[in-house]
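Visitor: Here you go, one structure.
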Amino acid sequence: MAAVASGLILVDKPAGWTSHDVVSRTRKIAGTRKVGHAGTLDPMATGMLVIGFNKATRLLTYIVDTTKTYRATIRLGHNTTTDDADGEIVQTRFANAVTTEDIQQAVAGLTGAIQQVPSAVSAIKIDGKRAYQRVREGETVDIPAREVTVSRFEIEDVRRSSDGKTIDLDVEVECTAGTYIRALARDMGEELGTGGYLTALRRSAVGPYHVDDAVTLEQLAESFDYTDISVAAAKLFTTRTVSETEATDLIHGRRIAASDTEALLAAQLTDGTVIALIADAERAGTIQAKPEIVFATMEDITGAHS
C-alpha cells in the first residue's frame, strides 16, 4: 500500500540515529525509495522528525521552513569540540560565580532576531562539502554568521553541581528554521565566561506537528500509520475548493480563476482530495491561479467520483 500511497510520517527519532538512518529504515518499512525528511536532527538528539514519502516529499520544502520547538539541557563550565556531549572537552571555566540574574540576562541577549554562527560540525555545505566533513579531515572551518529568530527562550530549571563548578540549565526554545541550539549553548557560555555545551536535545515540534503524535520506528514497523497527503496539505495551507473542471485544468498545468490572495493555497475537491498547491500570478496583464506543485492525477479525480 505504501508503495502507491503518499503521505507524512511523524517519527520520534531515537538517540544515536542520524536522520539519514531514519530515512533508510523508513524506506524499507514503506517499500518505496522516495522518502525524505524535513530538517536534520543530530545523532545525539531525539524527537520530531517529519518524514515524507512518495508525492508527499514535495511538501517537505514547506515544512523545513516552519518554526521548530526544542527542549534541551545546557551545561555551563566547559566547551567541547562539537558544542555538545558527543565532543571532547577542550576548555574548562568554572561557573561558580554565575548568578540566576546573569543567566536571565544572557537568555535575553539570545532572544529575538540574532546573528548566529553555526557550529563548525554542522551539516552546512561549504563549497559543496558538509562543514563536519571538513572538520573531520582536519580543516579549519569558518562559517559566516546568519540571522535567525529565537521567539521564545525559557529557563525551566537551574541545577548547580555539588562543587558549584558546573550549572545545568533545562530550557525550551522556539525558533526559526536554521537555528542551532548547540550554538545557543556555546554563545550563552561565552556570554557568561564559562563555556557551554548541550548535554541533551529533544525536538518537540515542527510547525503544526508535535512529537506527542509521533511514533517510534518499532511502532511504525508494526503498523504503518501515516497522514495522507491530502490531509497533510490541508493542515499546512489554507484550502480552496475547486470544481472537477478546475481540477482537471490544474492537473494539466493550466491556470484557473484567481484566488485573490498572495498566499499559497491547497486546491482540493469537495471530498477533500488535494489536487495541487496554487498561487496567483500575472500573465499578459491578467491574474490567475497557477499550479505550483501538482499532486493528483486524472485517476484521482475519476476514482473520487466513480
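Visitor: G253 is checked against (1) closer than 20 Å to G7 by Cβ; (2) in a loop (DSSP other than H, G, I, E, B) and fails just one. What number does that condition carry?
Guide: In the conditions (1) closer than 20 Å to G7 by Cβ; (2) in a loop (DSSP other than H, G, I, E, B), G253 misses (1) alone.
Visitor: While we're here: Determine whether A45 is over 12 Å from the mean Cα position of the chain (by Cα) and in contact (Cβ under 8 Å) with a residue 60 or more places away in the chain.
Guide: Values: over 12 Å from the mean Cα position of the chain (by Cα): yes; in contact (Cβ under 8 Å) with a residue 60 or more places away in the chain: yes.
Taking the combined requirement at face value, the residue satisfies it.
Visitor: Right, next: Could you tell me whether Y226 is touching a residue at least 40 places away in the same chain (Cβ under 8 Å), of a type outside the set (V, I, T) and within 30 Å of E156 (Cα to Cα)? Break it down stepwise before answering.
Guide: Numbers: touching a residue at least 40 places away in the same chain (Cβ under 8 Å): yes; of a type outside the set (V, I, T): yes; within 30 Å of E156 (Cα to Cα): no.
In short, no.
Visitor: Could you tell me how many of the residues in segment 34-68 are hydroxyl-bearing (S, T, Y) and touching a Lys or Arg at 6+ places or on another chain (Cβ under 7 Å)?
Guide: First, pick out the residues of segment 34-68 that are hydroxyl-bearing (S, T, Y): 40, 46, 57, 61-62, 66-67.
Subset that is touching a Lys or Arg at 6+ places or on another chain (Cβ under 7 Å): 46, 57.
Here the count works out to 2.
Visitor: V11 - would you say it is of a type in the set (V, I, T), closer than 24 Å to T179 by Cβ and over 13 Å from the mean Cα position of the chain (by Cα)?
Guide: On the way: of a type in the set (V, I, T): yes; closer than 24 Å to T179 by Cβ: yes; over 13 Å from the mean Cα position of the chain (by Cα): no.
Against the criterion (of a type in the set (V, I, T), closer than 24 Å to T179 by Cβ and over 13 Å from the mean Cα position of the chain (by Cα)), V11 does not qualify.
Visitor: Sort through A263, A279 and tell me the only one that's closer than 21 Å to L8 by Cβ and either touching a strand residue (DSSP E or B) at 6+ places or on another chain (Cβ under 9 Å) or outside any loop (DSSP other than H, G, I, E, B) (or both).
Guide: A263
Visitor: Is one or more of the residues making up segment 37-55 touching a His at 6+ places or on another chain (Cβ under 9 Å), assigned to a loop (DSSP other than H, G, I, E, B) and either closer than 22 Å to V171 by Cβ or modelled with pLDDT of 95 or more (or both)?
Guide: Of the residues in segment 37-55, the ones touching a His at 6+ places or on another chain (Cβ under 9 Å) are 37, 40, 48-52.
When the remaining residues are screened for being assigned to a loop (DSSP other than H, G, I, E, B), the result is 40.
Remaining after also requiring either closer than 22 Å to V171 by Cβ or modelled with pLDDT of 95 or more (or both): 40.
Looking through segment 37-55, at least one residue is touching a His at 6+ places or on another chain (Cβ under 9 Å), assigned to a loop (DSSP other than H, G, I, E, B) and either closer than 22 Å to V171 by Cβ or modelled with pLDDT of 95 or more (or both).
Visitor: Considering only residues that are under 16 Å from Y62 (Cβ atoms) and touching a Leu at 6+ places or on another chain (Cβ under 7 Å), which ones fall in segment 266-293?
Guide: A266, A267, A276, L277, I278, A279, P291, E292, I293
Visitor: Quick check on this structure: which one of K125, K68 is basic (K, R), modelled with pLDDT under 85 and either within 19 Å of the chain's Cα centre (by Cα) or surrounded by 18 or more Cβ atoms within 10 Å (Cβ to Cβ) (or both)? Step through it out loud before you land on a result.
Guide: Details: K68 fails: modelled with pLDDT under 85.
Of the residues listed, the single one that is basic (K, R), modelled with pLDDT under 85 and either within 19 Å of the chain's Cα centre (by Cα) or surrounded by 18 or more Cβ atoms within 10 Å (Cβ to Cβ) (or both) is K125.
Visitor: If we keep just the residues of segment 5-16 that are touching a helix residue (DSSP H, G or I) at 6+ places or on another chain (Cβ under 8 Å) and not charged (D, E, K, R), which is farthest from V274 (Cα to Cα)?
Guide: Of segment 5-16, the ones touching a helix residue (DSSP H, G or I) at 6+ places or on another chain (Cβ under 8 Å) are 5-14.
Adding the requirement that they be not charged (D, E, K, R) leaves 5-11, 14.
Details: A5: 13, S6: 12, G7: 12, L8: 14, I9: 18, L10: 20, V11: 23, P14: 32 Å.
So, considering only residues that are touching a helix residue (DSSP H, G or I) at 6+ places or on another chain (Cβ under 8 Å) and not charged (D, E, K, R), the one farthest from V274 (Cα to Cα) is P14.
The values are calculated or read from the model by the stated rules, or taken from the named source; none is laboratory data. Since the model is a prediction, treat every value here as computed from it, not as a measurement. Heads up, the Cβs are rebuilt from the backbone with ideal geometry, glycines too, and the neighbour counts pull from every protein chain shown.
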